[in-house]
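Everything below concerns the one structure shown next.
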Amino acid sequence: MKLSASYQLIWLILLLGHTEARTRPVLRVSPHSWAAEGDSVTLSCEVTDSSIKWTFLWYKTVPFRRTVPFNEDSPIFDDRKKPHYVELLSDSSRGAGGFYTLSPAALQHTGSYVCRAEGGDPAYQTDFSEIKNLWVTGVSPPASLVIRPNRTQLFYSESVSLSCEVQDSSTGWRLRWRTKKVTSVEDREDNLDCPYGWYSESGTTCRTKIQTLHDSGVYWCESEFGQYSNAVNISINWKPKSEIRNPPHSWAAEGDSVTLSCEVTDASFNWTFLWYKAVRTGEDYYREGFFIYDDNYYAAELLPDSSRGAGGSYTLSPAAPRHTGSYVCRAEGGDPAYQTGFSNVVALWVTGLSPPASLVIRPNRPQQLYVSESVSLSCEGRDKSTRWRLRWSTGSENDNVCPNGWTSEAGPTCTNSRIQSADAGVYWCETESGQYSNAFNVSIKQKPIAVLSASTDSWLAEGNSVTLSCEVSDTSLKWKFLWYRAVPYKKELPRLKHGWINYNAKLLSDSSRGAGGSYTLSPAALQHTGLYVCRAEEEIQPIRQTSVKSYLSGSQVGLLQLLCSSDPTDRYLKAVITCRTSKLEHEDRGVYWCESESGQHSNAVQVAVKNKPDTILRVFRDPAFGWPAEGSSVTLECDVKDRPFNWTFMWYRAVPYKSSASFKPVVRYKVSSYSVELLSDSSRGAGGSYTLSPAALQHTGLYVCRAEGGDPAYQTEFSNVETLWVVGLSPPASLVIRPNRTQLYEYESLSLSCEGQDSSTEWRLRWIGQKEEGLGCPKYWRLEAGSTCSTSELQPDDSGVYWCESESGEHSNPFKLRMNLRPRPFLHVSPHSWPVEGDSVTLNCKVTDTSLGWTFLWYRAVPKKGSGPFTDDSTVTERNRNRYSVELLSDSSRGAGGSYTLSPVALQHTGLYVCRAEGGDPAYQTMYSNMKPLRVIGVSPPATLVIRPNKTDLFASESVSLSCEVKDKSTGWRLRWDTNRREESVCPASWRSEAELTCSTIGLQYRDRGVYWCESESGQHSNAAHIKILYH
């Protein structure tokens, strides 16, 4: 059948997409892909997956062409995203074992090879391997491929030509190639005579100046009749670069010896080296020797004695001032000669013993200049008639008189009042005739930082001694230190900042006392209070970098009140200035003092604001009992994490919230608000411990504490609320619990009853739950006869404390209900779920919670039939989205201890099993366990599950069919499965149902893994197959 070109393309895309998930063999060529006629070459094909016994097939590839009629039986292989036909070799069977040997190799064996493997029943085929090329060179080929220059190692931008020279008079020869770009027959879908971008010349010659590394590859000549020339494997590298390694010190004195060394990392040739002087030029791209280095334009001028450095080293000895300049090198090698690019530019300055001019720098420390410093450079020539000018090499050269940002002055002099890091570099003076002065290599550093510290961090008292120290990390200069006071800011003076506030610096009258870096105040007086600043300067130029330090006193407070008084002993605070806040914020932290208009100072206070300290209440009782008994001893302890004060503790009872003016809802417990009442004997616990001994029933209740300290007194927040229950020896009422145990479970039934000893007293249930508290029955509970509350389904929110209480406030003993989640057993099958008829199998059921003496129940799970509503006692569970009912086994009691054994196991035991446990009085049942399948394989089952191909380890996207073959004439058989596919019909979802109880799919998926078997309406079973899905 023939297809149009558009349908061919569609068919190709579908085929490539379908084979993505298949195993792909690895093809290798040994000893190599370049064989001579008569040699022996072996192709080996290997598949890593050893689950199948593979047989190997061998092919040659033919490039895909739209013009060739399409053969639907010829698969298409994708090589480098280019389609190919593959043609089975006529003697492919010689390599069925994985090795295909060509011995002796002949010219006609040249080509591209692929392999694939097949195995299984029916046969499953892997994907094709990658393409491997084989070139066989004849001893006397009818044509020769000639390359000029005659080497296979070529470089970017080098010129190359390839020619086919035919030895006889045969015609129809042309150049062929396989490179990193595309193969020759695929270039722009045209049959080009030369690679794309190359030029075709007379005869069969192709020429190019290499512009891409993708031209690397194999080139050969081929005739119309399939004859081959020798092949050439061309490797293209980037253009090698020369480099002047370890350049000498750039500052040579006249008469010294200086050696420049040039190297090339590429060792393709025996390089010869050329030496040049680099001359600054404009953007003259067409000038001979033009190149760009570090964004600057140069022209390379060959040195007349360049040959002296042909070996890689060029020596100047003795060095003279005329040798000053910039040097580069390059290398050449090969035939014809190939030249590398120019090397890096190295500058050399040779200082004469008596230079005709001097470069003078002020300040005279070229290696120790700082950012923003003022600098001047002057050219001072001995001969006043000679015109000197400043020159520089900083990376921003220009033809101006001075560098950018500098000012030209008489002299010639260039100045910069705020030098920057970009101004670092080399500076010298030069005449039009090429005379040089000495040169300076100017190094510019960041401004050093002056750091101010004090001999003490404590707050000073009048009469004490303190020393301020100023240091600069940069010790390259001899520093002199100056001392300042920071005063309120005025716009007309230089500004400095401390925190968010602007200040001016005022030089101290006795600043010179601290010129060495230390300024001592002894004895310290009130007028010394303030902000201090220091800076350092060198003898010539100051460095304006400051640091600020403050010295004041302070304390920590909660409620803040600041007072200014002329008489500190005035306890009644007459005629004072007061600032007060009842709600101190973090933003209020800082330093406070009093100051007069004349500049007099009070003492100072540094206010540190912290969060309110937390108060923690704990109840300590005998750990052997839950609640303390009447007559025992109970201790409450109150603690505060933060201890800036000597705290005194106060003790309270939390009582139901009262809205009267004398009570405030100051604490919350659970979800309710409570008022607090100070205990009449609170002072007994002022030290932090409050003991009740002996404890009495009236002590039952909610307790809180708080702490206070300081002057005036500061009080913490209230602590957490703690519950205390005192159990009476003969309480007037009893709380009766059914079932009578404290360990209860979710969904269990529970009833609580209040039974008073005096029938005349009315008792009611009280409780504090997880989210609420109340009197009477909790929400969703039922009120029954007397004072009984009950529920048939306990919930986690029902956890809490329950007790009985009378109108007069009498209490029963409390009951603390702890709620556990409903346990779920774990079911395990031993030794495995696939026994053979007659074996022994044990099902084990376990519950991690051992609080009840569990008895175990055993069930079979059967598919749920019908769609009617479920009743409350419906025993329905779910597995893989399929619904099941559970049926109690008639002999379930055999497994009451947790193990249910089937011995000997029979076919009718095949099925899904679950278990559950029950315990307590009345009986409480756990959840159902996980489901476990049991598939019993019969010795002679009435039906057989046939799988094609006959294996259970299958690949994703592979085709498979499953058939139920019944031995007798019984009917009602169908395929069953236990996978992630839902049971919706006679076959798994997306599978096809075929004749004779067969289900098939053309593309297995991961969720198809699982167990398959045949089952009749009467419950008979075939053998089972456990299918695994493999990925590549």
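How much net charge surrounds Ala105 when only other residues with a Cβ under 11 Å from its Cβ are counted (Lys, Arg +1; Asp, Glu -1)? Spell out each step's value before the answer.
Numbers: positive: none; negative: Glu37, Asp39.
Surrounding charge for Ala105 is -2.
At 0.36 nm per residue, and after removing the present C-alpha to C-alpha distance, how many nm does the segment from Arg387 to Ser50 gain when stretched out fully?
Numbers: separation 337, 0.36 × 337 = 121.32 nm, distance 8.88 nm.
Extending this stretch completely gives an extra 112.4 nm.
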1/(1 + (r/R0)^6) with r = Cβ-Cβ of Gln743 and Glu1017, R0 = 35 Å, i.e. FRET efficiency to nearest 0.05, evaluates to 0.15
On the first, second and third principal axes, largest extent first, how far apart are the outermost C-alpha atoms of the range 949-1008 in Å?
35, 26, 18
Hey, can you grab everything whose amide H is under 5 Å from the amide H of Trp483? Only 5+ residues off in sequence or another chain; H modelled, so Pro and N-termini drop out.
Leu508
Cβ-defined net charge surrounding Gln368, 10 Å radius [Lys, Arg +1; Asp, Glu -1]
-1
What are the residues whose amide H is under 5 Å from the amide H of Tyr293, where those residues sit 5 or more places off or on another chain and H is modelled from the backbone?
Tyr298
Ser672 and Tyr780 label points (each 7 Å along its Cα→Cβ direction) are spaced in nm at 2.1 nm
For His586 and Ser421, what does the FRET efficiency come to when R0 = 56 Å and r is the distance between their Cβ atoms, rounded to the nearest 0.05?
0.90
Can you compute the modelled spin-label distance between Ser683 and Ser970, with each label point 7 Å from Cα toward Cβ, in nm?
9.6 nm
Return P(r) of the range 307-453 (all Cα-Cα pairs; 10 Å bins starting at 0; whole %; ordered from short to long distances).
10, 33, 28, 17, 9, 3, 0, 0
Those residues of the range 222-238 whose amide nitrogen sits under 13 Å from the label point placed on Asp168, 7 Å along Cα→Cβ
223-228
Once all Cα-Cα distances of the range 412-490 are split into 10 Å bins that start at 0, what whole-number percent is in each one?
11, 25, 26, 16, 12, 7, 3, 0
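State the volume of the convex hull built on the alpha-carbon positions of the range 875-1032, expressed per residue in Å³ and rounded to an integer. Don't jump to the answer; show the numbers that get you there.
On the way: hull volume 22.4 nm³, N = 158.
Spread over its residues, the Cα hull of the range 875-1032 gives 142 Å³ apiece.
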Residue-by-residue Karplus 3J(HN,Hα) for the range 849-864, coefficients 6.51, -1.76, 1.60, Hz, glycine and proline x:
7, 10, 5, 10, x, 6, 10, 9, 10, 10, 9, 9, 9, 10, x, 6
Quick one: what are the phi-derived ³J(HN,Hα) couplings along the range 203-216, Karplus 6.51/-1.76/1.60 with θ = phi - 60°, whole Hz, x for glycine and proline?
x, 10, 10, 10, 9, 7, 9, 4, 10, 8, 6, 6, 6, 4
For Arg948 and Asp839, FRET efficiency with R0 = 30 Å and r from the beta-carbon atoms, rounded to 0.05?
0.60
So, in Å, what gap is there between the alpha-carbon centers of the range 980-1026 and the range 135-185?
61 Å
Stretched out fully, how many nm does the piece from Arg280 to Ser161 gain, at 0.36 nm a residue minus the Cα gap?
39.2 nm
Using modelled backbone amide H atoms (1.01 Å from N, in-plane), which distant-in-sequence or interchain residues come within less than 5 Å of Thr324's amide H?
Val350
Using 0.36 nm per residue, how much length does the chain from Gln770 to Glu87 gain when fully extended, once their Cα-Cα distance is taken away?
238.0 nm
Counted charge near Pro644, where neighbours are those whose Cβ lies closer than 13 Å (Asp, Glu -1; Lys, Arg +1):
+1
Each label sits 7 Å from Cα toward the beta-carbon; between His109 and Ser518 the label points are separated, in nm, by 9.3 nm
Under 8 Å for C-alpha pairs, at least 6 residues apart: give me the relative contact order for the range 693-739, rounded to a whole percent.
40 percent
Could you give me the ³J(HN,Hα) list for the range 339-344, computed from phi with Karplus coefficients 6.51, -1.76, 1.60 and θ = phi - 60°, whole Hz, x at Gly and Pro?
10, 6, x, 6, 7, 5
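Where a number appears in this text, it was derived from the coordinates with a stated rule and is not lab data. Quick caveat: nothing in here was measured; it's all calculated off a predicted structure. Positions of Cβ are generated from backbone atoms using ideal geometry, with glycine treated the same way; all protein chains shown enter the neighbour counts.
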